[in-house]
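A.B. asks: Pasting in a structure now, in structure tokens, and then I'll have a few things to ask.
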Amino acid sequence: MSTKLTLIHQAKLDEAAKMAKILGNPSRMQILYILEQQTLNVTELSTALDIEQSQMSHTLKYLRDHQLISQERRGKSIYYTLDDPHIMSTMTQLLKHAEHVLANCDHTGAAVDHTVEVDL
């Protein structure tokens, strides 16, 4: 007996794998999470995440190159904002799964809040 399977187009798989790689880095996830809430410049982001400005600039360029954030010049500073809001639904699903793993519960368990507020 022959069964037909539907496969995902390779170009779509490749692009999805790129997004998974981007979200596989905790710092990049934090930056996206922060920029969903507020537009900030590199100094503010570096301070909030305790990351060297040069590393932050490199990470921001990487996120811009993948069309997840955009930038806007205001005077002498460049401000960054989330440019692809639907990536947050993907992050939300990943974080929900992480909550289940951390809580050692099945996927019907209550949500646990693992967020932390920081002052700028």
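The values are calculated or read from the model by the stated rules, or taken from the named source; none is laboratory data. In this text, all values refer to a predicted model and were calculated from it rather than measured experimentally. Cβ coordinates were reconstructed from backbone atoms using ideal geometry, including for glycine residues, and neighbour counts include every protein chain displayed. SASA here: full protein model, heavy atoms, side chains in, ligands and nucleic acids out. Shrake-Rupley method; radii C 1.70, N 1.55, O 1.52, S 1.80 Å.
A.B. asks: Can you confirm whether L120 is in contact with a Leu (Cβ under 6 Å, 6 or more places away or on another chain) and either at pLDDT 80 or above or over 19 Å from Q37 (Cα atoms) (or both)?
C.D. replies: In short, no.
A.B. asks: Could I ask something else about it? Considering only region 26-43, state which residues are in contact with a strand residue (DSSP E or B) (Cβ under 7 Å, 6 or more places away or on another chain) and open to solvent by 40 Å² or more (accessible area, probe 1.4 Å).
C.D. replies: E36, T39
A.B. asks: Residue by residue through region 54-78, note down the ones that are touching a residue at least 12 places away in the same chain (Cβ under 8 Å), surrounded by 14 or more Cβ atoms within 10 Å (Cβ to Cβ) and in a strand (DSSP E or B).
C.D. replies: I69, S70, listed by residue number.
A.B. asks: Kindly indicate whether S46 is open to solvent by 50 Å² or more (accessible area, probe 1.4 Å) and either part of a helix (DSSP H, G or I) or within 20 Å of V118 (Cα to Cα) (or both).
C.D. replies: Working: open to solvent by 50 Å² or more (accessible area, probe 1.4 Å): no; either part of a helix (DSSP H, G or I) or within 20 Å of V118 (Cα to Cα) (or both): yes.
Spelling it out, it is not the case that S46 is open to solvent by 50 Å² or more (accessible area, probe 1.4 Å) and either part of a helix (DSSP H, G or I) or within 20 Å of V118 (Cα to Cα) (or both).
A.B. asks: Which residues, taken from region 1-42, are more than 18 Å from S89 (Cα to Cα) and touching a residue at least 24 places away in the same chain (Cβ under 8 Å)?
C.D. replies: T39, L40, N41, V42
A.B. asks: Same structure again: In region 79-102, what residues are in contact (Cβ under 8 Å) with a residue 12 or more places away in the chain and of a type in the set (A, V, I, L, M)?
C.D. replies: The answer is L82, I87, M88, M91, L94, L95, A98, L102.
A.B. asks: Looking at region 8-43, which of its residues are outside any helix (DSSP H, G or I) and more than 9 Å from the chain's Cα centre (by Cα)? Give the derivation first.
C.D. replies: Of the residues in region 8-43, the ones outside any helix (DSSP H, G or I) are 8-9, 24-25, 38-41.
If the condition is that a residue be outside any helix (DSSP H, G or I) and more than 9 Å from the chain's Cα centre (by Cα), then I8, H9, Q38, T39, L40, N41 are the ones that fit.
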